[in-house]
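Trainee: The structure's right below; bear with me while I get my questions together.
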Amino acid sequence: MDKKYFIIDFDSTIIQTEGLEELAAVALKNNPQKEEILEQIKHITNLGMEGKIGFTESLKKRLALLKANKSHLKQLQKTLKKKISPSILRNKHFLKLNKDRIYIITGGFREMVLPVTKQLGISDSHILANTFEFDKKGNIFGFDIKNPLSKNNGKVIAVKNLKLNGEVVVIGDGFTDLQIKKLGAAKQFIAFTENVSR
């Protein structure tokens, strides 16, 4: 029998929210235009998740609005640990038991993902995510553009690069997750609608 592998999304799947939106809430805490900017970020996130704009464009636009730094990331990590989806927590034992066959593949950022996935017993080498680029003062000014996950169809490329020998099942909430199946890198797609239904 073929081995089963599980590819799980992070934002709005492992956690109940979108990591970049949470980072924005922390970074913009004292900004008088906070609500307005947060709405813009949410709108851009949704356009990307619905496949209406390319992922790279979505990422660039959201980061430009953020103006975040390393200190904001430290605060955010505490918040995200408290926002793990209830069904993920209920299945923590399954995740630990099958950690060799589980990969977290996300357009989100390692700096946000690792503190959460450590709690779930998933090894760092099974986390495929984007990485921030920081200036000398610790401000986020961009992301690693060489990483396939920063590009359109990045998740498809990431899954294909794993060369998994078995049945691949994708669990996620967005268009980029569905694409993994549509473009032939997975056999099955399970829409995760616990937190958001697109």
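The values are calculated or read from the model by the stated rules, or taken from the named source; none is laboratory data. For clarity, every value in this text was computed on a predicted model and none was experimentally measured. Methodologically, a virtual Cβ is constructed for each residue, glycine included, from the backbone with ideal geometry; neighbour enumeration extends over all protein chains shown. SASA here: full protein model, heavy atoms, side chains in, ligands and nucleic acids out. Shrake-Rupley method; radii C 1.70, N 1.55, O 1.52, S 1.80 Å.
Trainee: Once you charge only the Cβ atoms, +1 for Lys and Arg and -1 for Asp and Glu, what is the size of the charge dipole of segment 16-63 about its Cα centre, to the nearest 20 debye?
Mentor: Values: 7 positive and 8 negative charges, 32 e Å.
The dipole of segment 16-63 has a size of about 160 debye.
Trainee: Using 0.36 nm per residue, how much length does the chain from SER125 to ASN46 gain when fully extended, once their Cα-Cα distance is taken away?
Mentor: This chain segment gains 25.6 nm when fully extended.
Trainee: Express the carbon and sulfur contribution to the solvent-accessible surface of the chain as a percent, rounded to the nearest whole number, probe 1.4 angstrom. Don't skip to the end; give the middle numbers.
Mentor: Numbers: 5210 of 10180 Å².
With neighbouring chains kept in place, the figure for the chain is 51 percent.
Trainee: Which is farthest toward the positive dipole end of segment 91-146 among SER125, GLY107, PHE141, measuring Cα position about the Cα centre, with Cβ charges +1 (Lys, Arg) and -1 (Asp, Glu)?
Mentor: The residue sitting most towards the positive pole is SER125.
Trainee: Sticking with this one: With a cut-off of at most 11 other beta carbons within 10 Å, and DSSP calling the residue loop, which trypsin sites (Lys or Arg not before Pro) in segment 1-77 qualify? Please list them.
Mentor: Filter output for segment 1-77: LYS29, LYS52.
Trainee: Another question, then. Tell me, what is the per residue accessible area of segment 70-122 in Å², probe radius 1.4 Å?
Mentor: 51 Å²
Trainee: Continuing with the same structure: Using only C-alpha atoms and all pairs of different ones, pull out the Kirkwood radius for the chain in Å with one decimal.
Mentor: So the Kirkwood estimate lands at 17.0 Å.
Trainee: When Lys and Arg each count +1 and Asp and Glu each count -1, what net charge do the other residues less than 9 Å away from GLY121, Cβ to Cβ, add up to?
Mentor: +4
Trainee: Another one. Restricting attention to segment 130-160, which trypsin sites (Lys or Arg not before Pro) occupy a DSSP loop and are surrounded by at most 12 other Cβ atoms within 10 Å?
Mentor: Here the trypsin sites (Lys or Arg not before Pro) that fit, given the DSSP loop and packing criteria, are LYS136, LYS137, LYS146.
Trainee: Using the Cα centre as the reference, give the magnitude of the dipole from point charges on the C-beta atoms of segment 87-197 (Lys, Arg: +1; Asp, Glu: -1; all else neutral), rounded to the nearest 20 debye. Intermediate values should be presented prior to the final figure.
Mentor: Details: 17 positive and 10 negative charges, 51 e Å.
I would put it at about 240 debye.
Trainee: Follow-up. Hey, what number do you get for the chain at 222 nm if only DSSP H runs of n ≥ 4 count, each worth -39500 (n - 2.57), divided across all residues, to the nearest 500? Can you show the working numbers first?
Mentor: Working: 9 runs with 87 residues, N = 198.
Helix-only estimate at 222 nm: -12500 deg cm²/dmol.
Trainee: Also, quick follow-up: Within the chain, what is the longest stretch that has no GluC sites (Glu not before Pro) placed in a DSSP loop and near at most 15 other beta-carbon atoms within 10 Å? Mind dumping the intermediate values first?
Mentor: On the way: sites that count: GLU50, GLU194.
Segment 51-193 is the longest.
Trainee: If one takes the longest principal axis of the Cα atoms in the chain, at what angle in degrees, from 0 to 90 and to the nearest 10, does the Cα axis of helix 70-81 lie?
Mentor: 50 degrees
Trainee: Further question on the same structure: Treating only the Cβ of Lys, Arg, Asp and Glu as charged (+1, +1, -1, -1), what charge dipole size does the chain show about its Cα centre? Round to the nearest 20 debye.
Mentor: 500 debye
Trainee: What is the antiparallel percent of DSSP beta bridges lying wholly in the chain, to the nearest 5?
Mentor: Roughly 25 percent of the beta bridges in the chain run antiparallel, per DSSP.
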